[in-house]
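A.B. asks: One structure follows; several queries about it will come next.
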């Protein structure tokens with residue numbers, strides 16, 4: 001079985017309007033939400049073997065906070081400049097997935113919208129939700145190799161947002 005955990009970066013700040021978009025950091029809510037989601041993944045026994053993250057400041061910060069909460073070593077984190085994209089239909093993320101080593105069973109991708117949203121809807125066509133910041137979609141495939149992973153044979157394992165994990 002192969003598992004993808006697809007996550008949009010945590011909430012970033014717009015406090016510095018002249019800062020280049022790629023350099024925007026997380027805001028306070030984002031700094032709280034990322035470890036919360038990491039703890040959820042630990043409790044759900046969904047610890048990634050590898051992490052593929054956009055190299056934007058907010059995704060790197062999200063990734064680091066998630067991985068700290070899950071005790072995932074930094075050596076398992078791969079920053080990918082091409083993942084700083086907003087309009088890809090998911091082919092870019094899927095091409096990285098299908099080229100993973102088959103000894104890896106669970107991969108976490110931390111990226112941006114609309115790419116996360118687009119891929120979620122390709123993987124799960126009847127997926128009705130939006131993809132807010134720090135949302136997490138887990139998809140499984142009943143296959144032995146990443147080459148066999150395809151949008152047509154994906155199964156929704158879970159979808160959760162930080163809001164659902166916070167007490168009312």
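The values are calculated or read from the model by the stated rules, or taken from the named source; none is laboratory data. On a predicted model such as this, the values are computed, not experimentally measured, just so you know. Ideal geometry is used to build each Cβ from the backbone, glycine not excepted, and the neighbour counts take in all protein chains shown.
A.B. asks: Filter the range 1-15 for residues that are over 23 Å from residue 32 (Cα atoms) and in a loop (DSSP other than H, G, I, E, B) and give the result.
C.D. replies: Residue satisfying the conditions is 1 alone.
A.B. asks: Take the residues in the range 132-149 that are surrounded by fewer than 14 Cβ atoms within 10 Å (Cβ to Cβ) and touching a strand residue (DSSP E or B) at 6+ places or on another chain (Cβ under 9 Å), then tell me which one is farthest from residue 2 (Cα to Cα).
C.D. replies: Per the stated criteria, the residue is 148.
A.B. asks: Considering only residues that are in a loop (DSSP other than H, G, I, E, B) and in contact (Cβ under 8 Å) with a residue 24 or more places away in the chain, look in the range 108-127 and name the one that is nearest to the chain's Cα centre (by Cα).
C.D. replies: Among residues in the range 108-127 that are in a loop (DSSP other than H, G, I, E, B) and in contact (Cβ under 8 Å) with a residue 24 or more places away in the chain, the one nearest to the chain's Cα centre (by Cα) is 112.
Here is a yes/no grid of residues against (1) in contact with a strand residue (DSSP E or B) (Cβ under 8 Å, 6 or more places away or on another chain); (2) assigned to a loop (DSSP other than H, G, I, E, B):
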{"site": "38", "(1), (2)": "no, no"}
{"site": "62", "(1), (2)": "yes, no"}
{"site": "69", "(1), (2)": "no, no"}
{"site": "88", "(1), (2)": "no, yes"}
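A.B. asks: Return a yes/no flag: does the range 35-44 have any residue that is free of Cβ contacts under 8 Å to residues at least 60 places away in the same chain and closer than 26 Å to residue 14 by Cα.
C.D. replies: yes
A.B. asks: Can you name every residue in the range 108-125 that is touching a helix residue (DSSP H, G or I) at 6+ places or on another chain (Cβ under 9 Å) and under 17 Å from residue 95 (Cα atoms)?
C.D. replies: 108, 109, 110, 111, 112, 115, 116, 119, 122, 123 - these are the residues of the range 108-125 that are touching a helix residue (DSSP H, G or I) at 6+ places or on another chain (Cβ under 9 Å) and under 17 Å from residue 95 (Cα atoms).
A.B. asks: Kindly check whether there is at least one residue in the range 8-17 that is without any contact (Cβ under 8 Å) to a residue 12 or more places away in the chain and closer than 27 Å to residue 101 by Cα.
C.D. replies: no
A.B. asks: In the range 77-104, which residues are more than 14 Å from the chain's Cα centre (by Cα), buried (at least 16 other Cβ atoms within 10 Å of the Cβ) and at pLDDT 95 or above?
C.D. replies: Of everything in the range 77-104, just one residue is more than 14 Å from the chain's Cα centre (by Cα), buried (at least 16 other Cβ atoms within 10 Å of the Cβ) and at pLDDT 95 or above, namely 100.
A.B. asks: Something else about it: Answer yes or no as to whether residue 30 is buried (at least 19 other Cβ atoms within 10 Å of the Cβ) and at positive phi. Step through it out loud before you land on a result.
C.D. replies: Values: buried (at least 19 other Cβ atoms within 10 Å of the Cβ): yes; at positive phi: no.
Taking the combined requirement at face value, the residue does not satisfy it.
A.B. asks: Taking the range 128-168 as the search range and keeping residues that are under 18 Å from the mean Cα position of the chain (by Cα) and in a helix (DSSP H, G or I), which one is farthest from residue 29 (Cα to Cα)?
C.D. replies: 146
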